[in-house]
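**Student:** What follows is a single structure, and I will ask about it in a moment.
The values are calculated or read from the model by the stated rules, or taken from the named source; none is laboratory data. These numbers were taken from a predicted model, which means no experiment stands behind them. Counting neighbours? That spans all protein chains shown, and the Cβs are built from the backbone with ideal geometry, glycine included.
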């Protein structure tokens, strides 16, 4: 485990006392925990949700059954609204939150009925590196070429990072991406790439490697630019900071790309009792160190580099605490 990861795990939870642990075990014994994801099957959110659902139950006191469930709509917003407002606030519902939703709240996207600062964050398996990629037949292999030639780019739904990232690059980096909206999920968008309906997409590098390893192995895609941690296997790909130089523009960039820090963050509702939240956080940490979990994650090409609940909360608070002017500028990428 990386040093930063060990520190994050160390900060993640406090161990409950024995009496408290017994009460939590009594509560969860024989119960079912529903683990929600707000998008359809096939992408990295769904893969991580199901991976966590298979392993976290044995680390929760009382060993409840954990059932994964897809609740699609508005690029994860329907699920986030449900987890915040409707789901029982007793620790029997958790969810993996779309990492662009705190930004959606920050810029005032319609339909947000949650306060991301009040979600009780559990943890994230790893941060993400967002990439902008083109299909091999486009002839566009660099960000400079994308400034000269139009590329048709697909997006999931009508909001979220698959839309905001390329639209932001058009505005701040001078690219010429033409957007096609409304794909129902990552799987549908990937199929559209293979069929030639679209020629580019935004997506996390880990997701692309996990869900489409053949694209990477066969060099079917060109990676033009990335944001977030620089992957060792993309040494020559520029970062967004390399292509967006204005300090004011970089403030906007920070709002749009806060999801890189969040990765695929798990949370529970605002009303869940503190002792059960602590137990869920500890279970998440214990799961991440479980050899069986690590083995399955490695087999699925999923990186494990934990992000603590405190780090998730801090990133969300920074995005929501950005200046009104920067939020207003970022807002147009979500309309």
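**Student:** Name the residue that is modelled with the lowest pLDDT, counting only residues in the range 208-251 that are closer than 22 Å to residue 138 by Cα, in a helix (DSSP H, G or I) and in contact with a helix residue (DSSP H, G or I) (Cβ under 7 Å, 6 or more places away or on another chain).
**Tutor:** Among them, the one singled out is 211.
**Student:** If you don't mind, another one. Say whether the condition of being at positive phi and either assigned to a helix (DSSP H, G or I) or at pLDDT 95 or above (or both) is met by at least one residue in the range 172-182. Lay out the reasoning, then the answer.
**Tutor:** Taking the range 172-182 as the starting set, the residues that turn out to be at positive phi are 174, 182.
With the extra rule that they be either assigned to a helix (DSSP H, G or I) or at pLDDT 95 or above (or both), the set shrinks to 174.
Yes: the range 172-182 contains one or more residues that are at positive phi and either assigned to a helix (DSSP H, G or I) or at pLDDT 95 or above (or both).
**Student:** Related question: Which of the residues belonging to the range 193-207 are more than 23 Å from residue 238 (Cβ to Cβ) and part of a helix (DSSP H, G or I)?
**Tutor:** Across the range 193-207, the qualifying residues are 194, 195.
**Student:** Follow-up. Return only the number of the condition from (1) over 16 Å from the mean Cα position of the chain (by Cα); (2) surrounded by fewer than 18 Cβ atoms within 10 Å (Cβ to Cβ) that residue 305 does not satisfy.
**Tutor:** (1)
**Student:** Could you list, ordered by first residue, the pairs with Cβ atoms under 8 Å in which the first is in the range 248-274 and on the phi > 0 side of the Ramachandran plot and the second is part of a loop (DSSP other than H, G, I, E, B), at least 6 apart or interchain?
**Tutor:** Note: pairs meeting the criteria are 263/99; 263/125; 263/126; 263/127; 263/128.
Listed here are the residues, each with its yes/no results for (1) in the same structural domain as residue 320 (by TED's automatic domain parsing); (2) out of contact with any strand residue (DSSP E or B) (no Cβ under 7 Å at 6 or more places or on another chain); (3) at pLDDT below 95; (4) not in a strand (DSSP E or B).
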residue: 42; (1), (2), (3), (4): yes, yes, yes, yes
residue: 47; (1), (2), (3), (4): yes, yes, yes, yes
residue: 53; (1), (2), (3), (4): yes, no, no, yes
residue: 68; (1), (2), (3), (4): yes, no, no, no
residue: 75; (1), (2), (3), (4): yes, no, yes, yes
residue: 78; (1), (2), (3), (4): yes, yes, no, yes
residue: 84; (1), (2), (3), (4): yes, yes, no, yes
residue: 95; (1), (2), (3), (4): yes, no, no, no
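**Student:** Which of (1) under 21 Å from the mean Cα position of the chain (by Cα); (2) touching a residue at least 40 places away in the same chain (Cβ under 8 Å); (3) crowded, with 18+ Cβ neighbours inside 10 Å is the odd one out, the single condition residue 279 does not satisfy?
**Tutor:** (1) is the only condition that residue 279 fails.
**Student:** Still on this structure: In the range 128-144, how many residues are without any contact (Cβ under 8 Å) to a residue 60 or more places away in the chain and in a helix (DSSP H, G or I)?
**Tutor:** Within the range 128-144, the subset without any contact (Cβ under 8 Å) to a residue 60 or more places away in the chain is 139, 144.
Applying the additional criterion that residues be in a helix (DSSP H, G or I) yields 144.
The total comes to 1.
**Student:** Please find, among 246, 227, 239, the residue that is over 21 Å from the mean Cα position of the chain (by Cα) and not assigned by TED's automatic domain parsing to the domain that holds residue 113.
**Tutor:** Numbers: 227 fails: over 21 Å from the mean Cα position of the chain (by Cα); 239 fails: over 21 Å from the mean Cα position of the chain (by Cα).
After applying the criteria, what remains is 246.
**Student:** Filter the range 121-157 for residues that are more than 24 Å from residue 181 (Cβ to Cβ), crowded, with 24+ Cβ neighbours inside 10 Å and in contact with a strand residue (DSSP E or B) (Cβ under 7 Å, 6 or more places away or on another chain) and give the result.
**Tutor:** Once the filter is applied, which keeps residues that are more than 24 Å from residue 181 (Cβ to Cβ), crowded, with 24+ Cβ neighbours inside 10 Å and in contact with a strand residue (DSSP E or B) (Cβ under 7 Å, 6 or more places away or on another chain), the range 121-157 yields 121, 122, 123, 124, 127.
To keep it simple, each residue is scored yes or no on (1) modelled with pLDDT under 95; (2) assigned by TED's automatic domain parsing to the domain that holds residue 306.
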{"residue": "98", "(1), (2)": "yes, yes"}
{"residue": "107", "(1), (2)": "yes, yes"}
{"residue": "116", "(1), (2)": "no, yes"}
{"residue": "121", "(1), (2)": "no, yes"}
{"residue": "134", "(1), (2)": "no, no"}
{"residue": "138", "(1), (2)": "no, no"}
